[in-house]
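The values are calculated or read from the model by the stated rules, or taken from the named source; none is laboratory data. Model, not experiment: these values are computed from the prediction. Cβ: placed from backbone, ideal geometry, glycine included. Neighbour counts: every protein chain shown.
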Amino acid sequence: MRLLICVLFPLFSFTQHANDLNNLSNDVIWVTESKEYKMLCQQIYNTATKQLKKQCKKNSNPVIIMDIDETVLDNSKYQVDLHIQNTSFNSKSWNNFVEEEISELVPGAKKFILAYKKYSNAKIIYISNRDASTLESTKSNMKKLGIFFEDDIFLLRENKSDSKIIRRQEVLDGNHRMKNYGPQSVIAYFGDAIGDFPKDKKYQFAKNKFLFPNPMYGEWKK
C-alpha cells in the first residue's frame, strides 16, 4: 500500500499542476504562449530603435525613461503562481517574487537596450513602482539577463505617495534623488500603462512614447 501511495501521489500532484496550468486565464495564456504577443513586443522595440536613431546620433547625452515590469521584465511567472495558489496580488508575495530574481525578458527588450547603449553616453532611467527595498534584487535579476549597466539610474517607489509623476519631475528638474545628475532631457518613454507617460504634447505614441501590451493587470481592472 505504501509503495502504491508513493507512486500515485507524485502522479496526482503532476496531474493537478498540469490542470492548474491548463486552466490559466486567457490573458496570462496570451502573454506566455501566443506568437502575437512576442511579435507585437518585438515590433514596438524595433520601431523604437528606428525612431530614436536620429535623436541618439545628434544628442551627446541621450536619456530614456523605462518602466520595468511588463516593459523590460516579464513577470508572467508571478501571474501563473497567483492562479495556481488561487489568490490575488499582494505586496508581500510580489516582493518575494522579485527577490527570487527569476523574471524573464519582454521579447525584444535586450536587443533594444544593447543597441541603445552603444550610443555615446546613452542613459536609461528606470522609473518603476517596485518597492525601493527590492532595488538590489532588481539589479541582480537584470545582471543575470545581461541588460544591467553601472550607469543605469533606478527610481523605485519609496512609499505610496511616491508617484511616477513626482519621479519624472525630479528627472526633469534634477533635484531630490536626481540632484547628483542635474536636469535631464528625456528623448523617449517606455511603459505598459498610460501612467508611465507624461501628458506633454511633444511626446507622441510610436514616435517617442512606446506602449507595450499588458492584459494581465493594470488600472483598467479596478
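When you go through F205, F197 one by one, which is the residue that is among the aromatic types (F, W, Y), surrounded by fewer than 13 Cβ atoms within 10 Å (Cβ to Cβ), within 23 Å of E70 (Cα to Cα) and free of Cβ contacts under 8 Å to residues at least 24 places away in the same chain? Before the answer, list the steps.
Numbers: F197 fails: surrounded by fewer than 13 Cβ atoms within 10 Å (Cβ to Cβ).
Going through F205, F197 in turn, just one is among the aromatic types (F, W, Y), surrounded by fewer than 13 Cβ atoms within 10 Å (Cβ to Cβ), within 23 Å of E70 (Cα to Cα) and free of Cβ contacts under 8 Å to residues at least 24 places away in the same chain: F205.
For V31, which of the numbered conditions (1) of a type in the set (V, I, T); (2) under 14 Å from the mean Cα position of the chain (by Cα); (3) not in a helix (DSSP H, G or I) fails to hold?
Every condition holds for V31 apart from (3).
When the residues of segment 35-88 are filtered to those that are among the polar types (S, T, N, Q) and touching a strand residue (DSSP E or B) at 6+ places or on another chain (Cβ under 6 Å), which remaining residue is surrounded by the most Cβ atoms within 10 Å (Cβ to Cβ)? Before you say what the answer is, go through the steps one by one.
The initial filter retains those residues of segment 35-88 that are among the polar types (S, T, N, Q), namely 42-43, 46-47, 49, 51, 55, 59-61, 71, 75-76, 79, 85-88.
Subset that is touching a strand residue (DSSP E or B) at 6+ places or on another chain (Cβ under 6 Å): 55, 71, 75.
Values: Q55: 14, T71: 24, N75: 22.
Residue satisfying both the conditions and the ranking: T71.
Sort out which residues of segment 140-163 are touching a strand residue (DSSP E or B) at 6+ places or on another chain (Cβ under 8 Å), touching a residue at least 40 places away in the same chain (Cβ under 8 Å) and either part of a helix (DSSP H, G or I) or among the basic types (K, R) (or both), and write them in order of number.
Listed by number, the residues that qualify are N141, M142, L145.
Which residue out of D196, D200 is within 25 Å of L52 (Cα to Cα) and modelled with pLDDT of 95 or more? Walk me through how you get there before you give the answer.
Working: D200 fails: modelled with pLDDT of 95 or more.
Unique residue meeting the criteria: D196.
If S120 passes every condition in (1) small (G, A, S); (2) exposed (fewer than 15 other Cβ atoms within 10 Å of the Cβ); (3) farther than 24 Å from Q43 by Cα; (4) modelled with pLDDT of 95 or more but one, which one does it miss?
(4)
Go through segment 173-189 and count every residue that is among the hydrophobic types (A, V, I, L, M, F, W, C), within 19 Å of D162 (Cα to Cα) and not in a helix (DSSP H, G or I). Before you say what the answer is, go through the steps one by one.
Initial filter on segment 173-189 (among the hydrophobic types (A, V, I, L, M, F, W, C)): 178, 186-188.
With within 19 Å of D162 (Cα to Cα) added as a condition, the list becomes 178.
Within this subset, residues satisfying the condition of being not in a helix (DSSP H, G or I) are none.
Total satisfying the criteria: 0.
Scanning segment 66-106 for residues that are more than 11 Å from the chain's Cα centre (by Cα) and of a type in the set (S, T, Y), which turns out farthest from L156 (Cα to Cα)?
Step one: list which residues in segment 66-106 are more than 11 Å from the chain's Cα centre (by Cα), which gives 77-102.
The next check asks that each one be of a type in the set (S, T, Y); those that pass are 78, 87-88, 91, 93.
Working: Y78: 19, T87: 25, S88: 22, S91: 14, S93: 18 Å.
Per the criteria, the residue is T87.
Among N121, N129, N180, which is the only one that is closer than 23 Å to N95 by Cβ and not aliphatic (A, V, I, L, M)? Don't jump to the end; show me each part of the working.
Working: N121 fails: closer than 23 Å to N95 by Cβ; N180 fails: closer than 23 Å to N95 by Cβ.
Just one listed residue meets the conditions, N129.
For the structure I just gave you, tell me whether Y78 is in contact (Cβ under 8 Å) with a residue 40 or more places away in the chain and of a type in the set (S, T, Y). Step through it out loud before you land on a result.
Values: in contact (Cβ under 8 Å) with a residue 40 or more places away in the chain: no; of a type in the set (S, T, Y): yes.
So Y78 fails the test.
Kindly indicate whether any position in segment 138-153 is surrounded by fewer than 19 Cβ atoms within 10 Å (Cβ to Cβ) and polar (S, T, N, Q). Break it down into steps so the answer makes sense when it comes.
Step one: of segment 138-153, the residues surrounded by fewer than 19 Cβ atoms within 10 Å (Cβ to Cβ) are 139-140, 143-146, 148-153.
Add one more test, that the residue is polar (S, T, N, Q), and what stays is 140.
Looking through segment 138-153, at least one residue is surrounded by fewer than 19 Cβ atoms within 10 Å (Cβ to Cβ) and polar (S, T, N, Q).
Name the single residue that is farthest from K160 (Cα to Cα) among those in segment 107-137 being without any contact (Cβ under 8 Å) to a residue 60 or more places away in the chain and hydroxyl-bearing (S, T, Y).
S137
Could you say whether any residue in segment 164-171 is more than 30 Å from E36 (Cα to Cα), in contact (Cβ under 8 Å) with a residue 40 or more places away in the chain and not basic (K, R)?
The initial filter retains those residues of segment 164-171 that are more than 30 Å from E36 (Cα to Cα), namely 165-171.
From what's left, in contact (Cβ under 8 Å) with a residue 40 or more places away in the chain: 167-168, 171.
Pick out the ones that are also not basic (K, R) and you get 171.
Within segment 164-171, one or more residues are more than 30 Å from E36 (Cα to Cα), in contact (Cβ under 8 Å) with a residue 40 or more places away in the chain and not basic (K, R).
Restricting attention to segment 65-90, which residues are of a type outside the set (D, E, K, R), in a loop (DSSP other than H, G, I, E, B) and touching an Asp or Glu at 6+ places or on another chain (Cβ under 8 Å)? Working first, answer last.
Quick first cut of segment 65-90, residues of a type outside the set (D, E, K, R) only: 65-66, 68, 71-73, 75-76, 78-80, 82-90.
Add one more test, that the residue is in a loop (DSSP other than H, G, I, E, B), and what stays is 68, 71-72, 75, 85-90.
Those that are of a type outside the set (D, E, K, R), in a loop (DSSP other than H, G, I, E, B) and touching an Asp or Glu at 6+ places or on another chain (Cβ under 8 Å): T71, N75.
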